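Beneath this line is the structure, given in structure tokens, with notes to follow.
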Amino acid sequence: MLRLVAGTLKRTAGDGTYPIQNAYLIMKTDLTSQETAVQSVSVSGEELVQLIAQKPPMVMIDKLVSVSDHFSETRYSVPEVSVFSDDGQLSEAGLVENMAQTIGAGSGFSRRQKGKELLTGFITMIKNLKIERLPDCGSDIRTEVRFQYQALNFRIFFGKVFSDNQQIAECEIRVYSPDQEEELT
């Protein structure tokens, strides 16, 4: 796990030592040692919608199929008509929204299992978005997201979307949770 440590660092120069104000040091620890086993689940319909902020017609996932504290996987059958469909394909924005909702569903499921309240999250950045191709309406996609690290109230995830067992998109998603009071575990 990566942790953000705030403090004052010092830089040594030839004529003395100077504080570096508002410096942050990110320390990496082993995520795999803290990873809980991936659990196969089958969450869909109204139960799934309760885990995410979006409501129909904005829901871009059909089923949560795997989850752990640091990983979630969903399935989605791309409808012929939706707010994110264009020219017979799911749009770029639809792919990103699908990854974001996969984050929300996995986080919501994990927190609910622990008896914790669901968090509100806002996408603050999409980084390194790569789209090989857009999925056709009527096709099925599988989406995986993995928690990378947390810095203050920001959580960073890496998402991948697959269609016909081929990766078609990936990106890093930064999520801000104003009510995030502790590490994501």
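Just so you know, all these numbers are worked out from the coordinates, no wet-lab data involved. In this text, all values refer to a predicted model and were calculated from it rather than measured experimentally. In this analysis, Cβ positions are derived from the backbone assuming ideal geometry, glycine residues included, and neighbour counts consider all displayed protein chains.
Site pair SER42 and ASP140 shows an inter-label distance of 1.3 nm when each label is modelled 7 Å from Cα along Cα→Cβ.
Here the simple spin-label model places points 7 Å from the Cα toward Cβ, and for ASN128 and GLU172 these points are separated by 0.6 nm. Charged side chains reduced to their Cβ positions (Lys and Arg at +1, Asp and Glu at -1) give region 49-88 a dipole of some 200 debye around its Cα centre. Centroid-to-centroid, using Cα positions, region 66-112 and region 123-143 are 9 Å apart.
Spatially close Lys pairs in region 36-176, defined by Cα atoms under 29 Å apart and a spacing of eight or more places or different chains, total 15.
Loop-resident GluC sites (Glu not before Pro) (DSSP state other than H, G, I, E or B) in region 96-148 with no more than 14 further Cβ atoms inside 10 Å of their Cβ: GLU117, GLU132.
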